[in-house]
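Asks: Questions regarding the structure given below will be posed in turn.
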Amino acid sequence: MYSSKKTILAVLAMFTVLAFASCKKDFGEAPQISALSIVNAAVGSPEVNVFMGGGKVSNDLFTFGKDISYFNAYSGEREVSFFEGTTKKTSGKFILNDGKFYSLFLAGQWPDTELVLLKDSLVRPAAQKARIRFVNMSKDGGVLNLGLTNGSTLISEKAYKAASDFIEVE
């Protein structure tokens, strides 16, 4: 009888501790998260794998003209690496700020590539409009303009690795 009372008291004590622990309001700090998209703008790029830190970003091979849509990334200093097979071809370290959106471009011409990180602005455009930004990731393209078929220029004189501000268009 004495041991069954001890068992009952031990079980009650354990449930009491669990009940108080489950009511805990402070679970620590929420992780600081950024969002990152990646664009392969490196002419002649073979199929590469993209890693952030030690983790593979996508299961798909990443070729010229492809992009990886926004994904969550821990804020702070992050390293992004591009591998051809098991060989690291290029990498870079970047600071991602909490709550911000970024686009990372693999730029240039393979194998002479560079990484360009741009901060994005996700402001909703006015009704019936879109927001665009023009980026020049073509090393041999010279200074570029973005124009319309009617001859008007929307954005002018963007050198290699330069980006315009976002503008609204109809």
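The values are calculated or read from the model by the stated rules, or taken from the named source; none is laboratory data. All values reported here derive from a predicted model rather than from experimental measurement. Neighbour counts are summed over all protein chains in view; Cβ atoms, including those assigned to glycine, are modelled from backbone coordinates with ideal geometry. For the accessible areas, the whole protein counts, side chains as well, though only heavy atoms, and no ligand, DNA or RNA atoms are used. Shrake-Rupley method; radii C 1.70, N 1.55, O 1.52, S 1.80 Å.
Asks: Based on alpha-carbon centroids, what's the gap between the range 128-166 and the range 63-113 in Å, whole number please?
Replies: The range 128-166 and the range 63-113 have Cα centres separated by 22 Å.
Asks: Please compute the modelled spin-label separation between residue 95 and residue 70, points set 7 Å along Cα→Cβ, answer in nm with one decimal.
Replies: 2.2
Asks: Please state the shape class of the range 120-170: rounded when a/c is under 1.5, otherwise prolate if a/b exceeds b/c and oblate if not, all from the C-alpha gyration tensor.
Replies: It comes out oblate by the Cα gyration axes.
Asks: Same structure, new question: Which of the three applies to the range 89-132, rounded, prolate or oblate, going by the alpha-carbon gyration tensor with a ≥ b ≥ c and a/c under 1.5 meaning rounded?
Replies: Oblate.
Asks: Run the quick spin-label model on residue 168 and residue 154: label points 7 Å from Cα toward the beta carbon, then report their separation in nm to one decimal.
Replies: 1.5
Asks: Less than 13 Å Cβ to Cβ from residue 32, Lys/Arg counted +1 and Asp/Glu -1: what total charge do the surrounding residues give?
Replies: With Lys, Arg at +1 and Asp, Glu at -1, the neighbours total -1.
Asks: Once neighbouring chains are kept in place and the probe is 1.4 Å, which whole percent of the accessible area of the range 113-170 is contributed by carbon and sulfur?
Replies: Working: 1830 of 3840 Å².
It is 48 percent, rounded to a whole number.
Asks: Step through the table entries 100/129; 100/158; 88/119; 89/139; 93/158, compare each Cα-Cα distance with 21 Å, and write down the pairs that go over it. Working shown, then result.
Replies: Details: 100/129 23 Å; 100/158 24 Å; 88/119 25 Å; 89/139 18 Å; 93/158 25 Å.
Checking Cα-Cα distances, 100/129; 100/158; 88/119; 93/158 exceed 21 Å.
Asks: Which value, in debye to the nearest 20, gives the size of the charge dipole of the range 96-170 about its Cα centre, when Lys and Arg are +1 and Asp and Glu are -1 at the Cβ? All intermediate terms of the calculation are to be shown ahead of the outcome.
Replies: Details: 9 positive and 9 negative charges, 39 e Å.
That gives the range 96-170 a dipole magnitude of about 180 debye.
Asks: Then there is this: Summing Lys, Arg as +1 and Asp, Glu as -1, what charge do residues with Cβ under 11 Å from the Cβ of residue 108 carry, residue 108 excluded? The partial results should precede the final answer.
Replies: Working: positive: 139, 161; negative: 112, 114, 140.
Surrounding charge for residue 108 is -1.
Asks: Would you mind checking the radius of gyration and Dmax of the range 31-75 based on alpha-carbon positions, in Å?
Replies: Over the range 31-75's Cα set, Rg and Dmax evaluate to 11.3, 38 Å.
Asks: Once you have a ≥ b ≥ c as the square roots of the Cα gyration tensor eigenvalues for the range 21-170, tell me rounded if a/c is under 1.5, and otherwise prolate or oblate according to whether a/b is larger than b/c.
Replies: Here the range 21-170 falls in the oblate category.
Asks: Tell me, in nm to one decimal, what length is gained between residue 140 and residue 59 on full extension, where the rule is 0.36 nm per residue of separation less the Cα-Cα distance?
Replies: Difference between extended and current length: 26.1 nm.
Asks: Moving on. Near residue 142, within a Cβ-to-Cβ distance under 13 Å, what is the net charge of the other residues, with Lys and Arg +1 and Asp and Glu -1?
Replies: +1
Asks: Can I ask one more? To the nearest 0.05, how large is the calculated FRET efficiency for residue 114 and residue 32 if R₀ is 22 Å and r is the Cβ-Cβ distance?
Replies: Once rounded, the FRET efficiency stands at 0.25.
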